[in-house]
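Q: Attaching a single structure in structure tokens format; questions to follow.
The values are calculated or read from the model by the stated rules, or taken from the named source; none is laboratory data. Worth saying up front: this structure is predicted, and the values here are computed from it rather than measured. Every residue, glycine among them, receives a Cβ derived from its backbone with ideal geometry; neighbour counts consider all protein chains shown. Note: accessible area is taken over every heavy atom of the protein model, side chains too, but ligands, DNA and RNA are not part of it. Shrake-Rupley method; radii C 1.70, N 1.55, O 1.52, S 1.80 Å.
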Amino acid sequence: MGNQVEKLTHLNYKEVPTADPTGIDRDEGPRIGVSYIFSNDDDELEQHQDSVVSDLVGQPPTPQPYDPQLHEVECSVYYRDECIYHKSFSEEDALPVEGDDGGGGGYLTTYTPENLLNRCKAGDLVEFVCQAQYPHWAVYVGDFQVVHLHRLEVVNSFLTDAGQGQRGRIANQLYRYKPLSPAAVVRNALEQVGCKDRDLSWRNSECFASWCRYGKREFKIGGELRIGKQPYRLQIRLGDKRSHTLEFQSLEDLIMEKRRNDQIGRAAVIQELSSHLQATEEEEDNDPGAQTATE
């Protein structure tokens, strides 16, 4: 059973279930997404991966300069026909930000922890980003402090400590839900400090921080029933005119996949999807009855 669970939690796009038992998607709809019903908090996975790399090579890899446009995956999330999350570096989406000092564009600009601290207001969401690691989210509660889910516990830390030297951004504009008042966001976060292990209702730092700001049960573990048609769609941008869409039964599952993409990086995601799409197109070319899916 252990091997089966391990395989289920590390599916790649070639192993994602399809509607046709022969393994070929013949309709024009999006593919079904991965369900992470056995996965644990990905911040724990991040710590484990770092330790494995350190053990293998004797010392951690040398950090490279971080460029969001080079490493991050552009994507949109839809609930039925409504866009509820959007990340794009295109000029029309990258709204100008006063004092933009590089590392992206507009609301996706990243800053050093010290510069980020000068921009934060109570109730803001903060996203720390680094190459080959899961993004780490936190809620700024004022007085230079954040509340965040870290190693299966909700803790109160100084922002500079929580970032661990990583660049970060204010992430208020990524999700398009209506936010609660800043006071309510801070209260939600502070009330959960000390919650840990089996008492947690969130699978990762992004789900916790987003729940604090928007108060939606969809960010919680088991907040939605996984039955019927998948209402959530993750649209991944592959190029100027190409994208690929995955379907999910819950927002929680979709966020797990989105964060996995952020961890492995843009180049790996595009290569993985391109290999899958090329294999699918070749199978359809060999079958005159197959229909070509359009993204």
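Q: Inside region 217-271, can you point out the residues that are part of a strand (DSSP E or B) and under 24 Å from ASP67 (Cα atoms)?
A: Matches in region 217-271: LEU234, GLN235, ILE236, ARG237, SER243, HIS244.
Q: Consider LEU273 against the criteria (1) of a type in the set (A, V, I, L, M); (2) more than 30 Å from SER181 (Cα to Cα); (3) open to solvent by 40 Å² or more (accessible area, probe 1.4 Å): it satisfies all of them except one. Which criterion is unmet?
A: Among (1) of a type in the set (A, V, I, L, M); (2) more than 30 Å from SER181 (Cα to Cα); (3) open to solvent by 40 Å² or more (accessible area, probe 1.4 Å), the lone unmet condition for LEU273 is (3).
Q: Here is a follow-up. Only residues that are charged (D, E, K, R) and within 14 Å of TRP137 (Cα to Cα): list them for region 163-205, please.
A: Correct list: ARG167, ARG169, ARG203.
Q: Moving on to the next point. Output the number of residues of region 154-178 satisfying the condition of being open to solvent by 60 Å² or more (accessible area, probe 1.4 Å) and either in contact with a strand residue (DSSP E or B) (Cβ under 7 Å, 6 or more places away or on another chain) or closer than 18 Å to GLU218 by Cβ (or both). Lay out the reasoning, then the answer.
A: Keep residues of region 154-178 that are open to solvent by 60 Å² or more (accessible area, probe 1.4 Å), which gives 156, 158, 161, 164-165, 167, 173, 176, 178.
When the remaining residues are screened for being either in contact with a strand residue (DSSP E or B) (Cβ under 7 Å, 6 or more places away or on another chain) or closer than 18 Å to GLU218 by Cβ (or both), the result is 156, 158, 167, 176, 178.
The qualifying residues number 5.
Q: When you scan region 74-110, how many residues do you find that are under 24 Å from ILE264 (Cα atoms), at pLDDT below 95 and hydrophobic (A, V, I, L, M, F, W, C)?
A: Qualifying residue count for the region: 3.
Q: Next question, about the same structure. In region 114-123, what residues are of a type outside the set (S, T, N, Q) and open to solvent by 10 Å² or more (accessible area, probe 1.4 Å)?
A: Scanning region 114-123 gives GLU114, LEU117, ARG119, CYS120, LYS121, ALA122.
Q: Right, another one. Mind checking whether some residue in region 139-150 is under 17 Å from the mean Cα position of the chain (by Cα), of a type in the set (A, V, I, L, M, F, W, C) and open to solvent by less than 10 Å² (accessible area, probe 1.4 Å)?
A: Yes, the conditions are met somewhere in region 139-150.
Q: Working only within region 236-262, note down all residues that are of a type in the set (A, V, I, L, M), over 14 Å from ASN204 (Cβ atoms) and surrounded by 21 or more Cβ atoms within 10 Å (Cβ to Cβ).
A: Passing the criteria: ILE236, LEU246.
Q: Here's a follow-up. Of all residues in region 181-213, which are open to solvent by 10 Å² or more (accessible area, probe 1.4 Å), closer than 17 Å to LEU251 by Cβ and in a helix (DSSP H, G or I)?
A: The answer is TRP211, ARG213.
Q: Right, next: LEU234 - would you say it is touching a strand residue (DSSP E or B) at 6+ places or on another chain (Cβ under 8 Å) and modelled with pLDDT under 90?
A: Working: touching a strand residue (DSSP E or B) at 6+ places or on another chain (Cβ under 8 Å): yes; modelled with pLDDT under 90: no.
It is false that LEU234 is touching a strand residue (DSSP E or B) at 6+ places or on another chain (Cβ under 8 Å) and modelled with pLDDT under 90.
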